[in-house]
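Since the structure comes first, as structure tokens, the remarks are kept for the end.
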Amino acid sequence: MGKKGYSPEVMALYERFNREAKEGGYTLNADVDMTLQLVEGLYVNQTRYGYLMCPCRLAFGEKQKDLDVICPCDYRDVDVDEFDACFCGLYVGERVAQGKATAHSIPERRPEEYQLGGFLPATKQVAGRTVETAIPVWRCRVCGYLCAREQPPPVCPVCKAKKDRFETFEFGA
């Protein structure tokens with residue numbers, strides 16, 4: 001067993017999340033005990049469902065219906081931007097990381113149709129292909145990296161350009 005009785009698998013997952021957060025310009029919550037409890041919940045859900053389902057939300061147990069809340073969830077960035085922490089508190093913003101603010105309760109952003117019946121994104125036809133359009137696509141103007149999310153990432157995972165170097169990307173334009 002690792003730190004305070006956590007399994008080696010949980011500790012390895014914690015290290016992975018910590019490394020990937022730093023590489024992507026994110027910060028894990030500095031409350032290591034709470035963070036390890038969340039990571040343990042993610043590990044349990046990985047074992048149970050086959051994917052890293054957020055431990056703070058109810059799962060359908062069907063990956064397609066749970067895609068929006070597989071960690072890191074679709075709501076992480078907008079929660080961190082607005083509330084300085086994501087819904088479960090695993091990821092925190094700069095103010096919380098620097099001790100200038102504390103993480104607090106975050107309202108649920110998951111739309112009711114996700115909560116009740118498993119949301120399937122809207123689609124449109126582009127160049128003869130069906131393209132999901134539920135959230136915007138962002139393009140890094142430096143390296144061309146594309147990502148679909150509500151807001152651009154704070155740091156490009158490829159070239160490390162800052163958020164302001166992203167533009168919306170239009171299919172077929």
(request) Identify, from the list ASP77, ASP68, ASP81, the residue that is closer than 19 Å to ALA21 by Cα and surrounded by fewer than 18 Cβ atoms within 10 Å (Cβ to Cβ). (result) ASP81
(message) Please count how many residues of segment 4-30 are within 25 Å of GLY93 (Cα to Cα) and without any contact (Cβ under 8 Å) to a residue 40 or more places away in the chain.
(response) 11
(request) Could you list all residues from segment 1-41 that are over 14 Å from LEU52 (Cβ atoms), of a type in the set (Asp, Glu) and not in a loop (DSSP other than H, G, I, E, B)? (result) GLU15, GLU23, ASP33
(message) Give me the residue from segment 144-165 that is farther than 25 Å from VAL69 by Cβ and modelled with pLDDT of 85 or more and, out of that set, nearest to the chain's Cα centre (by Cα).
(response) LYS162
(message) Looking only at segment 74-93, count every residue that is in a helix (DSSP H, G or I) and among the hydrophobic types (A, V, I, L, M, F, W, C) and tell me the total.
(response) 3
(request) May I ask you to list the residues in segment 42-53 that are in a helix (DSSP H, G or I) and surrounded by 19 or more Cβ atoms within 10 Å (Cβ to Cβ)? (result) LEU42, TYR43, ASN45
(message) Condition first: in a helix (DSSP H, G or I) and in contact (Cβ under 8 Å) with a residue 12 or more places away in the chain. Can you find one or more residues in segment 96-109 that meet it?
(response) yes
(message) I need the full set of residues from segment 24-50 which are over 13 Å from ALA12 (Cα atoms) and either charged (D, E, K, R) or outside the structural domain of VAL80 (by TED's automatic domain parsing) (or both), in order please.
(response) ASP31, ASP33, ARG48
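The values are calculated or read from the model by the stated rules, or taken from the named source; none is laboratory data. Quick caveat, the model's predicted, so the values are computed rather than measured. Virtual Cβ from ideal backbone geometry, glycine too; neighbours counted across all protein chains shown.
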